[in-house]
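Take a look at the structure set out below.
The values are calculated or read from the model by the stated rules, or taken from the named source; none is laboratory data. In this text the structure is predicted, and so the values were computed from the model without any measurement. As a convention, Cβ positions derive from the backbone with ideal geometry for all residues, glycine included, and neighbour counts pool all protein chains shown.
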Amino acid sequence: MAINIHDAELLQASLAKQVITHNELNSINTVAGVDVAYHEQSNQVVGAISVLDANTLELLETQVSIEEISFPYVPGLFSFRELPPLLNAFEKLSIRPDLIVCDGHGIAHPRRFGLACHLGVTLNLPTIGCAKTKLIGDFLPVEQARGQMSDLIVNEEVVGKVLRTQHNVKPVFVSIGHKISLDAAVDWVLKLSPKYRLPETTRQADQLVNKTLKSKLELI
DNA sequence: GCGACAG
DNA sequence: ATCTTGTCGC
(Lines give C-alpha, C1' and ligand atoms only; values in the text may rest on other atoms or scores of the structure.)
Protein backbone atom coordinates (compact mmCIF):
# COMPACT_ATOMS: atom_id res chain seq x y z
CA MET A 1 0.00 0.00 0.00
CA ALA A 2 1.16 3.51 -0.78
CA ILE A 3 0.13 4.91 2.59
CA ASN A 4 0.31 3.22 5.99
CA ILE A 5 -2.60 2.84 8.36
CA HIS A 6 -1.42 5.39 10.89
CA ASP A 7 -0.86 8.11 8.28
CA ALA A 8 -4.21 7.30 6.70
CA GLU A 9 -5.97 8.00 10.01
CA LEU A 10 -4.14 11.29 10.44
CA LEU A 11 -5.03 12.28 6.89
CA GLN A 12 -8.70 11.56 7.52
CA ALA A 13 -8.79 13.69 10.65
CA SER A 14 -7.24 16.51 8.68
CA LEU A 15 -9.43 16.24 5.58
CA ALA A 16 -12.55 15.95 7.74
CA LYS A 17 -12.29 19.69 8.37
CA GLN A 18 -13.01 20.32 4.69
CA VAL A 19 -16.36 18.55 4.70
CA ILE A 20 -19.30 20.86 4.04
CA THR A 21 -22.44 19.70 5.86
CA HIS A 22 -25.01 22.04 4.37
CA ASN A 23 -26.55 22.22 0.90
CA GLU A 24 -24.25 23.65 -1.70
CA LEU A 25 -26.04 22.23 -4.70
CA ASN A 26 -26.97 23.56 -8.10
CA SER A 27 -29.91 22.03 -9.91
CA ILE A 28 -29.50 18.26 -9.82
CA ASN A 29 -30.18 16.74 -13.20
CA THR A 30 -27.89 13.73 -13.03
CA VAL A 31 -27.04 11.43 -10.11
CA ALA A 32 -24.27 8.84 -10.04
CA GLY A 33 -23.84 5.62 -8.11
CA VAL A 34 -20.47 4.02 -7.36
CA ASP A 35 -19.43 0.54 -6.28
CA VAL A 36 -16.36 -1.69 -6.11
CA ALA A 37 -15.89 -5.45 -6.37
CA TYR A 38 -12.83 -7.56 -5.60
CA HIS A 39 -11.06 -10.54 -7.10
CA GLU A 40 -8.61 -11.50 -4.35
CA GLN A 41 -7.37 -14.40 -6.47
CA SER A 42 -5.68 -12.05 -8.93
CA ASN A 43 -5.44 -9.11 -6.53
CA GLN A 44 -7.60 -7.11 -8.91
CA VAL A 45 -10.33 -4.62 -8.10
CA VAL A 46 -13.12 -3.26 -10.29
CA GLY A 47 -14.49 0.23 -9.69
CA ALA A 48 -17.61 1.40 -11.47
CA ILE A 49 -19.76 4.49 -11.78
CA SER A 50 -23.23 4.72 -13.27
CA VAL A 51 -24.84 8.05 -14.13
CA LEU A 52 -28.65 8.27 -14.08
CA ASP A 53 -31.15 10.94 -15.03
CA ALA A 54 -32.20 12.36 -11.66
CA ASN A 55 -35.86 12.49 -12.62
CA THR A 56 -36.49 9.44 -14.77
CA LEU A 57 -33.70 7.30 -13.26
CA GLU A 58 -32.80 6.35 -16.81
CA LEU A 59 -29.21 5.08 -17.22
CA LEU A 60 -27.17 7.69 -19.11
CA GLU A 61 -23.54 6.57 -18.90
CA THR A 62 -21.30 3.97 -17.24
CA GLN A 63 -17.53 3.66 -16.82
CA VAL A 64 -15.31 1.10 -15.09
CA SER A 65 -11.69 0.78 -14.02
CA ILE A 66 -9.83 -2.46 -13.34
CA GLU A 67 -6.61 -2.24 -11.37
CA GLU A 68 -4.44 -3.76 -8.65
CA ILE A 69 -5.75 -3.76 -5.09
CA SER A 70 -3.63 -1.15 -3.29
CA PHE A 71 -4.87 -1.14 0.30
CA PRO A 72 -6.21 -3.82 2.70
CA TYR A 73 -9.72 -3.79 4.11
CA VAL A 74 -9.65 -2.01 7.46
CA PRO A 75 -12.94 -0.83 8.98
CA GLY A 76 -12.69 2.95 9.18
CA LEU A 77 -10.13 3.16 6.38
CA PHE A 78 -12.43 1.92 3.70
CA SER A 79 -11.97 4.90 1.39
CA PHE A 80 -8.25 4.26 0.93
CA ARG A 81 -9.15 0.91 -0.60
CA GLU A 82 -12.07 2.04 -2.77
CA LEU A 83 -11.15 5.56 -3.81
CA PRO A 84 -8.44 4.79 -6.43
CA PRO A 85 -10.63 2.64 -8.73
CA LEU A 86 -13.58 5.00 -8.27
CA LEU A 87 -11.56 8.09 -9.19
CA ASN A 88 -10.15 6.36 -12.26
CA ALA A 89 -13.61 5.32 -13.43
CA PHE A 90 -14.86 8.85 -12.75
CA GLU A 91 -12.13 10.37 -14.91
CA LYS A 92 -13.46 8.47 -17.92
CA LEU A 93 -16.92 10.01 -17.67
CA SER A 94 -18.09 12.50 -20.27
CA ILE A 95 -20.90 13.60 -17.96
CA ARG A 96 -20.02 15.33 -14.67
CA PRO A 97 -22.81 14.20 -12.30
CA ASP A 98 -24.48 16.73 -9.99
CA LEU A 99 -24.59 14.31 -7.05
CA ILE A 100 -22.99 10.98 -6.15
CA VAL A 101 -24.46 8.30 -3.89
CA CYS A 102 -21.86 6.05 -2.27
CA ASP A 103 -22.10 2.46 -1.10
CA GLY A 104 -20.73 3.20 2.39
CA HIS A 105 -20.88 5.92 5.06
CA GLY A 106 -20.24 9.65 5.00
CA ILE A 107 -19.73 11.39 8.34
CA ALA A 108 -21.19 8.42 10.25
CA HIS A 109 -17.57 7.45 10.76
CA PRO A 110 -15.08 7.40 13.70
CA ARG A 111 -13.29 10.50 12.40
CA ARG A 112 -16.34 11.83 10.49
CA PHE A 113 -14.70 11.03 7.19
CA GLY A 114 -16.08 7.97 5.48
CA LEU A 115 -15.89 7.07 1.79
CA ALA A 116 -18.63 9.50 0.76
CA CYS A 117 -16.78 12.42 2.39
CA HIS A 118 -13.45 11.43 0.87
CA LEU A 119 -14.93 11.14 -2.61
CA GLY A 120 -16.90 14.38 -2.25
CA VAL A 121 -13.98 16.46 -0.99
CA THR A 122 -11.65 15.00 -3.60
CA LEU A 123 -14.00 15.70 -6.52
CA ASN A 124 -15.55 18.80 -4.96
CA LEU A 125 -19.00 17.37 -5.64
CA PRO A 126 -22.08 16.79 -3.45
CA THR A 127 -22.08 13.21 -2.12
CA ILE A 128 -24.29 11.02 0.06
CA GLY A 129 -23.30 8.02 2.14
CA CYS A 130 -25.85 5.20 1.93
CA ALA A 131 -24.61 2.04 3.68
CA LYS A 132 -26.27 -1.32 4.16
CA THR A 133 -24.97 -1.84 7.70
CA LYS A 134 -23.82 0.27 10.64
CA LEU A 135 -20.22 1.26 11.29
CA ILE A 136 -20.72 3.34 14.44
CA GLY A 137 -23.60 4.83 16.44
CA ASP A 138 -26.78 3.84 18.24
CA PHE A 139 -30.39 4.19 17.18
CA LEU A 140 -33.93 3.37 18.18
CA PRO A 141 -36.00 0.89 16.15
CA VAL A 142 -37.51 2.31 12.94
CA GLU A 143 -41.23 2.00 12.16
CA GLN A 144 -42.05 -0.39 9.32
CA ALA A 145 -43.44 2.10 6.80
CA ARG A 146 -41.39 3.41 3.89
CA GLY A 147 -39.94 6.83 4.74
CA GLN A 148 -39.79 6.21 8.51
CA MET A 149 -36.43 6.86 10.14
CA SER A 150 -34.55 7.32 13.40
CA ASP A 151 -31.42 9.26 14.34
CA LEU A 152 -28.04 7.54 14.20
CA ILE A 153 -26.27 8.95 17.25
CA VAL A 154 -22.64 9.05 18.44
CA ASN A 155 -21.93 10.87 21.70
CA GLU A 156 -25.12 12.95 21.58
CA GLU A 157 -24.35 13.90 17.99
CA VAL A 158 -26.68 12.96 15.11
CA VAL A 159 -24.32 11.60 12.45
CA GLY A 160 -26.95 10.14 10.17
CA LYS A 161 -30.38 8.59 9.73
CA VAL A 162 -31.47 4.97 9.76
CA LEU A 163 -33.99 5.07 6.92
CA ARG A 164 -36.63 2.59 5.79
CA THR A 165 -36.75 2.79 2.00
CA GLN A 166 -39.35 0.01 1.59
CA HIS A 167 -42.15 -1.29 3.80
CA ASN A 168 -41.00 -4.13 6.09
CA VAL A 169 -37.51 -4.13 4.59
CA LYS A 170 -34.31 -3.65 6.59
CA PRO A 171 -33.39 0.06 6.76
CA VAL A 172 -30.29 1.70 5.23
CA PHE A 173 -27.84 4.11 6.91
CA VAL A 174 -27.80 7.57 5.37
CA SER A 175 -25.24 10.26 6.19
CA ILE A 176 -23.80 13.45 4.75
CA GLY A 177 -20.90 13.00 2.36
CA HIS A 178 -20.18 16.53 1.19
CA LYS A 179 -22.08 19.69 0.24
CA ILE A 180 -25.52 18.38 1.20
CA SER A 181 -27.67 18.50 4.34
CA LEU A 182 -28.82 15.34 6.09
CA ASP A 183 -32.46 16.10 5.29
CA ALA A 184 -31.71 16.58 1.60
CA ALA A 185 -29.63 13.38 1.60
CA VAL A 186 -32.56 11.44 3.03
CA ASP A 187 -34.94 12.94 0.45
CA TRP A 188 -32.65 11.92 -2.38
CA VAL A 189 -32.15 8.38 -1.11
CA LEU A 190 -35.92 7.96 -0.91
CA LYS A 191 -36.44 9.42 -4.34
CA LEU A 192 -33.78 7.13 -5.79
CA SER A 193 -35.29 4.04 -4.13
CA PRO A 194 -38.83 3.81 -5.56
CA LYS A 195 -38.91 0.04 -5.76
CA TYR A 196 -36.05 -1.60 -3.93
CA ARG A 197 -34.15 -1.28 -0.65
CA LEU A 198 -31.09 0.34 -2.24
CA PRO A 199 -31.00 3.44 -4.48
CA GLU A 200 -31.16 2.73 -8.22
CA THR A 201 -27.79 4.43 -8.53
CA THR A 202 -26.18 1.89 -6.21
CA ARG A 203 -27.99 -1.01 -7.87
CA GLN A 204 -26.79 0.02 -11.31
CA ALA A 205 -23.19 0.39 -10.13
CA ASP A 206 -23.38 -2.90 -8.25
CA GLN A 207 -24.71 -4.69 -11.31
CA LEU A 208 -21.93 -3.15 -13.39
CA VAL A 209 -19.01 -4.19 -11.17
CA ASN A 210 -20.29 -7.74 -10.84
CA LYS A 211 -20.87 -8.09 -14.56
CA THR A 212 -17.40 -6.69 -15.26
CA LEU A 213 -15.71 -8.85 -12.64
CA LYS A 214 -17.34 -11.95 -14.06
CA SER A 215 -16.60 -11.33 -17.73
CA LYS A 216 -13.09 -9.92 -17.47
CA LEU A 217 -11.59 -11.76 -14.54
CA GLU A 218 -13.27 -15.12 -14.20
CA LEU A 219 -11.39 -16.30 -17.26
CA ILE A 220 -8.07 -16.07 -15.41
C1' DG B 1 -10.43 -8.42 28.78
C1' DC B 2 -14.79 -8.32 25.63
C1' DG B 3 -17.55 -6.92 21.83
C1' DA B 4 -17.93 -4.17 17.37
C1' DC B 5 -16.13 -3.69 13.08
C1' DA B 6 -18.78 0.41 5.91
C1' DG B 7 -17.07 -3.43 1.76
C1' DA C 1 -16.39 -8.14 -0.31
C1' DT C 2 -16.70 -13.38 -1.44
C1' DC C 3 -17.86 -18.49 -0.85
C1' DT C 4 -23.05 -20.65 -2.40
C1' DT C 5 -29.04 -23.85 -3.56
C1' DG C 6 -32.95 -23.91 -2.79
C1' DT C 7 -36.86 -21.74 -1.30
C1' DC C 8 -40.65 -18.76 0.72
C1' DG C 9 -43.45 -14.90 -0.75
C1' DC C 10 -45.41 -10.83 -3.39
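Close contacts from region A:119-142, counting a first residue that is closer than 16 Å to A:Gly76 by Cβ and a second that is surrounded by fewer than 17 Cβ atoms within 10 Å (Cβ to Cβ) and at pLDDT below 95, with Cβ to Cβ under 7 Å and a gap of 6+ residues or different chains, come to A:Leu135/A:Pro75. Taking the criterion of being surrounded by 16 or more Cβ atoms within 10 Å (Cβ to Cβ), closer than 23 Å to A:Ile5 by Cα and either of a type in the set (A, V, I, L, M) or out of contact with any strand residue (DSSP E or B) (no Cβ under 7 Å at 6 or more places or on another chain) (or both), the residues of region A:41-83 that qualify are A:Val45, A:Val46, A:Ile69, A:Phe71, A:Gly76, A:Leu77, A:Phe78, A:Ser79, A:Phe80, A:Arg81, A:Leu83.
Selection of region A:34-48 for residues being touching a Leu at 6+ places or on another chain (Cβ under 9 Å) and either aromatic (Phe, Trp, Tyr) or not in a strand (DSSP E or B) (or both) yields A:Tyr38, A:Gln41, A:Ser42.
If I ask for residues that are polar (S, T, N, Q) and either surrounded by fewer than 14 Cβ atoms within 10 Å (Cβ to Cβ) or within 13 Å of DNA strand B (Cβ to nearest atom) (or both), which ones from region A:166-206 would you list? Listed by number, the residues that qualify are A:Asn168, A:Ser175, A:Thr202.
All conditions but one from (1) within 26 Å of A:Glu200 (Cβ to Cβ); (2) more than 10 Å from DNA strand B (Cβ to nearest atom); (3) among the charged types (D, E, K, R) apply to A:Glu82; the one that does not is (2).
When A:Val31, A:Val64, A:Val51 are screened for being away from DNA strand C (no atom under 16 Å from the Cβ), over 30 Å from A:Ile136 (Cβ atoms), assigned to a strand (DSSP E or B) and not acidic (Asp, Glu), only A:Val51 passes.
Show the residue pairs that are 6+ apart or on different chains and have beta-carbon atoms under 7 Å apart, the first residue being within region A:20-43 and at pLDDT 95 or above, the second being surrounded by 13 or more Cβ atoms within 10 Å (Cβ to Cβ) and of a type in the set (Asp, Glu). Listed by first residue and then by second, the contacts come to A:Ile28/A:Asp98; A:Asn29/A:Asp98; A:Thr30/A:Asp98; A:Val31/A:Asp98; A:Val34/A:Asp103; A:Asp35/A:Asp103; A:Asp35/A:Asp206; A:Val36/A:Glu82. Please verify whether region A:170-188 includes one or more residues that are farther than 30 Å from A:Leu15 by Cβ and not in a strand (DSSP E or B). Yes, region A:170-188 contains a residue that is farther than 30 Å from A:Leu15 by Cβ and not in a strand (DSSP E or B). Within region A:88-104, residues that are closer than 12 Å to A:Val51 by Cα and within 16 Å of DNA strand C (Cβ to nearest atom) sit with their Cβ atoms under 6 Å from residues that are hydrophobic (A, V, I, L, M, F, W, C) and modelled with pLDDT of 95 or more, at 6+ positions apart or across chains, in these pairs: A:Ala89/A:Ala48; A:Ala89/A:Ile49; A:Ala89/A:Val64; A:Val101/A:Ile128; A:Val101/A:Cys130. Scanning region A:91-125 for residues that are of a type in the set (Asp, Glu) and near DNA strand B (Cβ under 8 Å from one of its atoms) yields a single hit, A:Asp103.
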